[in-house]
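Colleague: Below you'll find the structure I mean.
The values are calculated or read from the model by the stated rules, or taken from the named source; none is laboratory data. For clarity, every value in this text was computed on a predicted model and none was experimentally measured. Here Cβ is always computed from backbone atoms with ideal geometry, including for glycine, and neighbour counts include all displayed protein chains.
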Amino acid sequence: RLRQGLSRSRESFVGQLNAAVAEFKDAEDEEFWERVEEILVSSDVGVPTTAKLVAELEQEALRRNITSGAELKRLMVEHATKMLEGPVELDISHKPTVILMVGVNGTGKTTTIGKLSRFLPGTTMFAAGDTFRAAAIEQLQQWGERTGTPVIARDRGADAAAVAHDSIQAARREGTDVLLIDTAGRLHTKVNLMAELDKVHRVIGRQMPGAPHEVLMTVDATTGQNGLRQAKMFQEVAGLTGIILTKLDGTAKGGIALAIANEVGVPIKLVSVGEKVEDLHPFDAREFAEALFG
Ligand code: GDP
């Protein structure tokens with residue numbers, strides 16, 4: 001699905017890059033590197049990460065005296081893999097493990113929480129911490145029914161931190177393995193977002209020292225550089241432990257993964273390539289780099 005998505009159109013990143021690389025002969029050809037830069041930037045890799053990657057590739061290609069497109073492609077995969085690599089394991093060794101889910105509305109946060117209940121070993125519980133939208137609470141309850149997962153919720157407008165508090169109590173009482181706490185994802189001011197996430201964080205930490213054990217953010221791969229900006233902001237505000245890149249089935253680009261890995265400094269831990277429960281997968285840096293560079 002990942003490979004299919006990323007190479008969907010002839011004008012895709014993979015297609016353009018392949019066409020350029022097929023003509024590679026000489027690492028001293030500045031025009032060639034400029035063309036590669038253009039393709040990378042237009043595939044959401046962004047300027048700073050593109051500059052870094054191309055500078056590394058150019059130096060290495062010169063140093064190793066690379067003269068064929070096939071060799072260069074291997075080099076690209078190698079460098080991209082190195083950039084994308086990070087610890088992908090989720091820390092789920094606690095009882096309960098508390099995972100705070102953050103991200104902008106529409107990025108697939110609720111769907112991912114639902115999928116995680118199947119993906120993770122052991123029992124799970126959901127907490128409807130996005131108390132701002134009635135639809136968010138209902139949607140989580142639907143996922144609860146669909147996956148047989150208990151859902152802790154209060155009415156719309158309730159204090160999100162109170163819901164988090166209730167849910168930790170409930171998870172302890174029930175002996176739940178992993179508690180997944182949803183949070184509001186409306187794009188309001190940074191100050192409000194910070195205040196709300198901070199409070200939820202503090203309440204959780206007071207009730208269970210060391211928690212939350214993971215703070216995972218969903219980033220919609222189809223939103224390009226917006227996703228990068230969102231990730232930087234949430235990293236500042238919420239202190240992320242991992243990123244879940246969603247909707248990779250819906251983009252012919254995918255360069256956003258490189259930008260996030262290089263500029264946000266938070267590992268991508270999971271990827272989502274569809275709406276079904278089985279569409280959530282651990283992030284594999286090499287597989288991703290290979291899909292990205294054809
Ligand atoms: P939330 O507002 O962040 O909670 O987002 P939702 O979980 O409601 O997801 C928004 C929409 O994106 C829904 O229609 C989901 O079915 C869809 N969605 C979520 N993840 C994926 C994915 O990986 N691929 C595709 N194609 N759609 C997805």
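Colleague: For the range 252-274, which residues satisfy the criterion of being in contact with a Gly (Cβ under 6 Å, 6 or more places away or on another chain), within 16 Å of the ligand (Cβ to nearest atom) and within 23 Å of Asn18 (Cα to Cα)?
Modeller: Passing the criteria: only Ile256.
Colleague: Output the residues belonging to the range 219-262 that are within 23 Å of Val54 (Cα to Cα), out of contact with any helix residue (DSSP H, G or I) (no Cβ under 8 Å at 6 or more places or on another chain) and among the polar types (S, T, N, Q).
Modeller: Matches in the range 219-262: Asn226 only.
Colleague: Check whether at least one residue in the range 37-54 is surrounded by 12 or more Cβ atoms within 10 Å (Cβ to Cβ), under 30 Å from Pro121 (Cα atoms) and touching a helix residue (DSSP H, G or I) at 6+ places or on another chain (Cβ under 9 Å), and report yes or no.
Modeller: For the range 37-54, residues surrounded by 12 or more Cβ atoms within 10 Å (Cβ to Cβ), under 30 Å from Pro121 (Cα atoms) and touching a helix residue (DSSP H, G or I) at 6+ places or on another chain (Cβ under 9 Å): absent.
Colleague: Filter the range 248-270 down to the residues that are surrounded by fewer than 24 Cβ atoms within 10 Å (Cβ to Cβ) and more than 18 Å from Pro87 (Cα to Cα) and list them by number.
Modeller: Passing the criteria: Asp249, Gly250, Thr251, Ala252, Lys253.
Colleague: Select from the range 122-139 the residues that are within 13 Å of the ligand (Cβ to nearest atom) and buried (at least 22 other Cβ atoms within 10 Å of the Cβ) and list them in ascending order.
Modeller: Phe126, Ala128, Gly129, Asp130, Ala136, Ile137
Colleague: Another one. Check off (1) within 30 Å of Val237 (Cβ to Cβ); (2) away from the ligand (no atom under 16 Å from the Cβ); (3) buried (at least 17 other Cβ atoms within 10 Å of the Cβ) for Lys95 and give me the number that stays unchecked.
Modeller: Against the list (1) within 30 Å of Val237 (Cβ to Cβ); (2) away from the ligand (no atom under 16 Å from the Cβ); (3) buried (at least 17 other Cβ atoms within 10 Å of the Cβ), Lys95 comes up short only on (3).
Colleague: Next up: Could you tell me which residue of the range 225-251 is nearest to the ligand (Cβ to nearest atom), considering only residues that are within 24 Å of Ala195 (Cβ to Cβ) and basic (Lys, Arg)?
Modeller: That would be Arg229.
Colleague: Continuing with this model, one more query. Checking the conditions here, which among Val271, Val266, Val203, Val219 is at pLDDT 95 or above, outside any helix (DSSP H, G or I), in contact with a His (Cβ under 8 Å, 6 or more places away or on another chain) and β-branched (Val, Ile, Thr)?
Modeller: Numbers: Val266 fails: in contact with a His (Cβ under 8 Å, 6 or more places away or on another chain); Val203 fails: outside any helix (DSSP H, G or I); Val219 fails: in contact with a His (Cβ under 8 Å, 6 or more places away or on another chain).
Within the list Val271, Val266, Val203, Val219, the selection yields Val271.
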